[in-house]
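Take a look at the structure below.
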Amino acid sequence: MDSLREEISKIDDNIALLLSLRLKYAREIGRVKRLKGMAIRDEEREGEVLSKWEALAVKYGIPHQLVNEILSKILQYSRASQVLPRRKVNVTLVGYGGMAKSISSLLSFAGHSVVLTGRNLTRASEAASSVKAVSMPVGEALNWGDYVILAVPPQGLFSPFLYNFYPRLKGKTVMDVSSSKEQVFHKMESLSKEHGFSFISTHPLFGPLPLPIGERIVLIPSSTGVEKLSEVMDFWTEAGLTPVVSNYEEHEKAMAVVQVLPHFFMIALMRSLEDLHSSLGINPEVFSTTNFSSISAILNRIRDNMPTILEIQASNKYSREVREKGLIQLIKVKEELDNLDAIRPEGKGRGT
């Protein structure tokens, strides 16, 4: 036993040394990417690395799941080691919810000075302490920040509380983080013209992750933000995100496809499972397959985020169109599968 444990200890030392060397070279790659203006995350390269690890797993008899979990963490920290912003800025986040904390953790990690603020300064202070940021009263925080990120729901952007502070944003770069821009983009563009700030609408394409390095963020410049677009792209790229530049119409159509339609089906699936649980007396979790477990995890995230899900359904102007198209295809699939039932060999049908 002792000799075997000694061998494991030696192997652990080698693993730690090799991980240190891997992160060292990842940092060097980060410097090269920064010089070339490249995004930190390279999905093609990560796919190649994953394929190599899967081949090594087969070669050495390592469980596939273990390889995936280890590599996922290695890639996460490799990306983190590549965050090297050239310019540090003061960033004010208005809000203290999950997305505000996620963005704050990313920007603080990148070395920017971050302040959280909002109507409830106690909640802002609690959120700030969890992400290595500080809190300030709203007026003071808005004066302090070079960039102001409005991480509040769409209706909060035009509340009397926040509306009174827009005149203080003159000369600053302002961003929102709304999923749907129907109620936001043109109103904020008008306010930016009225009060002299640059507005670039943003949409983080991720949930409230603790450190979302390598994720995507959509940038939609208004007429007042075009000149700042390149600067803001560099800001997010060097903080570890991958910017995707879009315009208002393209973004709304894209979100109808990647958010509205999948959420529509997932809500229906969620309710169907609840109904069948009751009517058939079966708890599907007991008989869960690997795929069903993955689907259940997605359904749980949707259930936890239902207010935002329903807000997206209500506010995207293409929602009704994509739901109707989705329903048409669902009915067609049902008809096709019903036809398969009809041609099932005799004696193999339902109830036999």
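The values are calculated or read from the model by the stated rules, or taken from the named source; none is laboratory data. These figures come from a predicted structure and were not determined experimentally. So basically every Cβ, Gly included, is an ideal-geometry build from the backbone, and we count neighbours across all protein chains shown.
Tell me, yes or no, whether the range 161-173 has at least one residue that is of a type in the set (Phe, Trp, Tyr), in the same structural domain as His112 (by TED's automatic domain parsing) and in contact with a Phe, Trp or Tyr (Cβ under 7 Å, 6 or more places away or on another chain). Let's see the steps before the verdict.
Start the filter on the range 161-173 by keeping residues that are of a type in the set (Phe, Trp, Tyr), which leaves 161, 163, 165-166.
Next cut, in the same structural domain as His112 (by TED's automatic domain parsing) only: 161, 163, 165-166.
The next check asks that each one be in contact with a Phe, Trp or Tyr (Cβ under 7 Å, 6 or more places away or on another chain); those that pass are none.
No - not one qualifying residue is present in the range 161-173.
Could you tell me whether Gly281 is more than 16 Å from Val177 (Cα to Cα) and either buried (at least 20 other Cβ atoms within 10 Å of the Cβ) or in the same structural domain as Arg31 (by TED's automatic domain parsing) (or both)? Before the answer, list the steps.
On the way: more than 16 Å from Val177 (Cα to Cα): yes; either buried (at least 20 other Cβ atoms within 10 Å of the Cβ) or in the same structural domain as Arg31 (by TED's automatic domain parsing) (or both): no.
Answer is no for this residue.
For Gly111, are the conditions met, namely being buried (at least 22 other Cβ atoms within 10 Å of the Cβ) and either more than 24 Å from the chain's Cα centre (by Cα) or free of Cβ contacts under 8 Å to residues at least 40 places away in the same chain (or both)?
Values: buried (at least 22 other Cβ atoms within 10 Å of the Cβ): no; either more than 24 Å from the chain's Cα centre (by Cα) or free of Cβ contacts under 8 Å to residues at least 40 places away in the same chain (or both): yes.
Spelling it out, it is not the case that Gly111 is buried (at least 22 other Cβ atoms within 10 Å of the Cβ) and either more than 24 Å from the chain's Cα centre (by Cα) or free of Cβ contacts under 8 Å to residues at least 40 places away in the same chain (or both).
Return yes when Lys101 is in the same structural domain as Phe206 (by TED's automatic domain parsing) and part of a loop (DSSP other than H, G, I, E, B) and no when it is not. Before the answer, list the steps.
Working: in the same structural domain as Phe206 (by TED's automatic domain parsing): yes; part of a loop (DSSP other than H, G, I, E, B): no.
It is false that Lys101 is in the same structural domain as Phe206 (by TED's automatic domain parsing) and part of a loop (DSSP other than H, G, I, E, B).
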Verdict on Arg119 being part of a loop (DSSP other than H, G, I, E, B), over 11 Å from Glu238 (Cα atoms) and at pLDDT 90 or above: yes
Among (1) part of a helix (DSSP H, G or I); (2) surrounded by fewer than 16 Cβ atoms within 10 Å (Cβ to Cβ), there is one condition Ala254 misses while meeting the rest; what is its number? (2)
I'd like the full set of residues that are closer than 30 Å to Lys228 by Cβ, over 18 Å from the mean Cα position of the chain (by Cα) and free of Cβ contacts under 8 Å to residues at least 12 places away in the same chain, limited to the range 245-274. Glu249, Glu250
Would you check if Arg31 is surrounded by fewer than 16 Cβ atoms within 10 Å (Cβ to Cβ) and within 20 Å of Ile213 (Cβ to Cβ)? yes
Out of the residues in the range 275-290 that are at pLDDT below 90 and closer than 21 Å to Gln65 by Cβ, which is nearest to the chain's Cα centre (by Cα)? Thr290
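Go through the range 40-67 and count every residue that is part of a helix (DSSP H, G or I), free of Cβ contacts under 8 Å to residues at least 12 places away in the same chain and of a type outside the set (Phe, Trp, Tyr).
At the first step, the residues of the range 40-67 found to be part of a helix (DSSP H, G or I) are 43-60, 64-67.
Cutting the leftovers down to free of Cβ contacts under 8 Å to residues at least 12 places away in the same chain gives us 43-45, 47-48, 51-52, 55-60, 64-66.
Going one step further and asking which of them are of a type outside the set (Phe, Trp, Tyr), we end up with 43-45, 47-48, 51-52, 55-59, 64-66.
The qualifying residues number 15.
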May I ask you to list pairs of residues, at least six apart or on different chains, whose Cβ atoms are under 6 Å apart, with the first in the range 11-29 being in the same structural domain as Asp42 (by TED's automatic domain parsing) and the second being at pLDDT below 95 and in a helix (DSSP H, G or I)? Leu23/Ser81; Ala26/Ser78; Ala26/Ser81; Arg27/Ser81
